[in-house]
1. Collect the residues in segment A:138-165 that are assigned to a loop (DSSP other than H, G, I, E, B) and closer than 22 Å to A:Ile82 by Cα, keeping them in residue-number order.
2. Please indicate, with yes or no, whether at least one residue in segment A:61-68 is assigned to a loop (DSSP other than H, G, I, E, B) and within 7 Å of chain B (Cβ to nearest Cβ).
3. Name, by its number, the condition in (1) assigned to a helix (DSSP H, G or I); (2) surrounded by fewer than 20 Cβ atoms within 10 Å (Cβ to Cβ); (3) of a type outside the set (Ser, Thr, Tyr); (4) away from every other protein chain (no Cβ under 14 Å) that does not hold for B:Pro312.
4. Looking at segment B:147-179 only, could you name the residues that are free of Cβ contacts under 8 Å to residues at least 40 places away in the same chain and more than 22 Å from the chain's Cα centre (by Cα)?
5. Confirm whether A:Lys49 is out of contact with any Cys (no Cβ under 7 Å at 6 or more places or on another chain), without any contact (Cβ under 8 Å) to a residue 24 or more places away in the chain and not small (Gly, Ala, Ser).
6. Please find, among B:Thr252, B:Thr300, the residue that is crowded, with 24+ Cβ neighbours inside 10 Å and either within 14 Å of another protein chain (Cβ to nearest Cβ) or among the hydroxyl-bearing types (Ser, Thr, Tyr) (or both).
7. Just to be sure before I move on: is B:Leu149 more than 14 Å from every other protein chain (Cβ to nearest Cβ) and either at pLDDT below 95 or not in a loop (DSSP other than H, G, I, E, B) (or both) in the structure I sent?
8. If you scan segment A:74-83, which residues turn out to be more than 8 Å from chain B (Cβ to nearest Cβ) and in contact (Cβ under 8 Å) with a residue 12 or more places away in the chain?
Amino acid sequence: MSEYAVACHNVSKAFGSVKALRDVSITAKAGEVTAIIGDNGAGKSTLIKIVAGVEQADSGHIDLFGQQVDFTNPEEARQAGIETVYQTLGLIEDLTIWQNLFLNREIVTGFGPIQLMNKRVMRQRSHEMLTALDVHIPSVRARVRGLSGGQRQAVAISRAAGWSSRVVIMDEPTAALGVRESAKVEELIERLKDKGLAVIVISHNFDQVVRLADRVWVMRQGRVIAELSQEELDAAQMVALITGAAKGDKLNESGDLDD
Amino acid sequence: MTPKVSGSGAASAAPGPSFSLHTIAAKLRDPYFWADWTVVFALVAAVLIFTALEPGNFMTAYNVNTILTASAVPAILALGQAFVIMTAGIDLSNAAVLTLGAVTFGWFFFRGYPLIWCMISAIIVGLIAGLINGLIIAQFKINDFIVTLGMLSLAQGVALVISNAKPVQVISPVLAQFAIGKIWVIPYLMILAFVLLLVCQFFLTQTKFGTHVLATGGNTDAARAMGVRTKAIKVSVYAISGTLAGVAAIVTISRIGAAEPAVNTAFLLNSVAAVVLGGVSLFGGRGNMIGPFVGAILLTMIINGLIVAGVPQYYQFIAIGLIVMVSAVLVRSAK
């Protein structure tokens, strides 16, 4: 098995004439938080969509624990153990917490074509999933609509982590949250890491990146321009890299950005 | 409320038994509970008001039987419409598909086909019309309003062509017996509708399919991201609505003893109204089947009550229109 949970090799993707990703190579280890940072349009979201199977790369390939994978849809990525928590959360407001946790993975007891849902077991397991990550919510029967932003994020993250997932990808996990709630979500991310999952986080919050990340990839205009390890993390330096004030160590390999 | 993602360890959420006091209290606080049950309170209120106004005429065995018999078709259509509206769609074609199913029934009946085949043909035609609606809406991502409006005209036109715009008499002792049969004051037709209600409610609440219908309506993108086959769900709900319109066609024929090519557009409005009254969100994602079913009975009862009370016929339309608008506002503000 490879030392990397996820390794993207020279991934490129274009939307029409727009080159969203150019020869992007990044890695993420199990038991680590890997952050991807960059300005809007730098290609972060496109990259994670490719890893999650939502989009397909034009060229290059992705290895999952050393094995090349080629996802054509998110379901395949999920089956391979990659879960994604989207910026827009992806929870269904009018369904209950347990219905959301088990959406499309309903436990059914079937006889023939009629498959009955085993609600009792799903509620029980939902409760276990949340407590395993120390998430406390009044009742798994509550509807998501009534939850606060932090509670929703906790449910979304629990859903991603609660299955046999090995890689959890998060797009701006605390963007819509207040300071206290952000802190709680960061605790949750730490716990996923301690569980041995590979956590990939997109964030605009540099202080958060400094706090959480073991490794940071800086992207600009569809390219990776720098790889920073935890010791090198510095908010000011990251801003300089993102805006282009600093060049970045990967720039020479990739060539001039202004082509 | 703040998320208690702390390490305090005290489990505050116990997935306990369904009937604890805590659960009941939580239900009463849930605004959805009130949206779901408003229609039942309204039904009780309507019964009390009409009984008070017409003590000797309204709550008679005869009149209750009349109301329930007349409610069967609207109730069956409301079940199909409810499924569609739960996915945030709408089926404007159900009344016309009913007519097409009835005319198809008449076409086979006139040519001497056995009754069972005539009935199956009506249901199959409904299913096909619904599948066409669903496939166009889901596959080509075309507005449900436009597609089903097109189907309304298409089904009506085909019905007129098949029938040559003439009604076909359907003289069948079996159907006629079924239409007038009753247990106490409950007509067989209402029992049939009630069985369909149980089946629909079962699929909505006890199967994956039902959860996926609500998920598709609540947030299509999120549902798809979780791997829910939202296109298949959309096709299914229109197919169900069409199939139930086919069943409603058989019920209609059994009641009037003829297959008529005229489209009763009041059925369309009533089905949408019943679903709204029944607490199903027009934006999709939430609701149950009991509300629309009771809503259909309520609307039929109000029309009947006004007739019994001697209110001129045209005022019925005004009453229904007002009820729909007021209930839509009430359901909305309940959130």
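The values are calculated or read from the model by the stated rules, or taken from the named source; none is laboratory data. Note that the structure is a prediction, hence the values are computed from the model and not measured. Here Cβ is always computed from backbone atoms with ideal geometry, including for glycine, and neighbour counts include all displayed protein chains.
1. Passing the criteria: A:Gly162, A:Trp163, A:Ser164, A:Ser165.
2. no
3. Answer for B:Pro312: the failing condition is (1).
4. Result: B:Gly157, B:Val161, B:Asn164, B:Pro173, B:Gln177.
5. Numbers: out of contact with any Cys (no Cβ under 7 Å at 6 or more places or on another chain): yes; without any contact (Cβ under 8 Å) to a residue 24 or more places away in the chain: yes; not small (Gly, Ala, Ser): yes.
The answer is yes for A:Lys49.
6. From the options B:Thr252, B:Thr300, the qualifying one is B:Thr252.
7. Working: more than 14 Å from every other protein chain (Cβ to nearest Cβ): yes; either at pLDDT below 95 or not in a loop (DSSP other than H, G, I, E, B) (or both): yes.
In short, yes.
8. Correct list: A:Glu76, A:Ala77, A:Ala80, A:Gly81, A:Ile82, A:Glu83.
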